[in-house]
Structure formats: C-alpha cells, structure tokens
Amino acid sequence: MNVYLKQVNQEWNDKAKILKSLDHDRLSKLFELYKLPGKLLVCGEYLRAGSLKDELLKAPISEEMARKYIRQVIEGLVYIHSKDIVHGDIRCM
C-alpha cells in the first residue's frame, strides 16, 4: 500500500481521532498523526489515480461520469453522516 505524508496545521489535532476511526471505500484512510517540534504531519492512504480535480482538469467528463462521481461522493457522505459527523468543506482536492 502506498501512503502520503503531509504537513498540516494544529486544527488537524482534533480531526485526527475522528478521521482515523472512519473506514469506507469512498474515503481515503488516515493512518496516523505525527507531532514533531513545530510541525504536525499526517500519514494517509495515497490515491494513485489522483483527485477528482486532477481528472476534471484533463478534459470535460461525460454526464454519465459526473453521475458516477456524484453517487460516490454521496455514498461517502451517507457513511460519515451515519457516524454523526458533518463534513464542513467538500471540495475537489
């Protein structure tokens, strides 16, 4: 499995516990939050296919693909809502 390591701000300190507990095909997995002097790093699942934003920048997508992506986003949202979590900033990464 491939992972990424990214520096984040202090706000992630609170989010990390919640994100680590989530497990769903439509969500990238957060494995760990590392606290270093003056830094916070997250280690998570690396998605080789790239982001939705990457896909949209390549070329326009068909209506069928748009429906597929929207359905996948909704599946992820339904899952996190079932855990009493509200996602505050849905966007293309």
Restricting segment 1-34 to residues that are assigned to a helix (DSSP H, G or I) and modelled with pLDDT under 80, the one surrounded by the fewest Cβ atoms within 10 Å (Cβ to Cβ) turns out to be D14
Looking at segment 40-48, is at least one residue free of Cβ contacts under 8 Å to residues at least 12 places away in the same chain and either open to solvent by less than 90 Å² (accessible area, probe 1.4 Å) or assigned to a helix (DSSP H, G or I) (or both)?
no
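The values are calculated or read from the model by the stated rules, or taken from the named source; none is laboratory data. Just so you know, these numbers come straight off a predicted model, no measurement behind them. Cβ sites come from the backbone with ideal geometry, for glycine too, and all protein chains shown count toward neighbours. Accessible surface areas use protein heavy atoms only, side chains included; no ligands, DNA or RNA. Shrake-Rupley method; radii C 1.70, N 1.55, O 1.52, S 1.80 Å.
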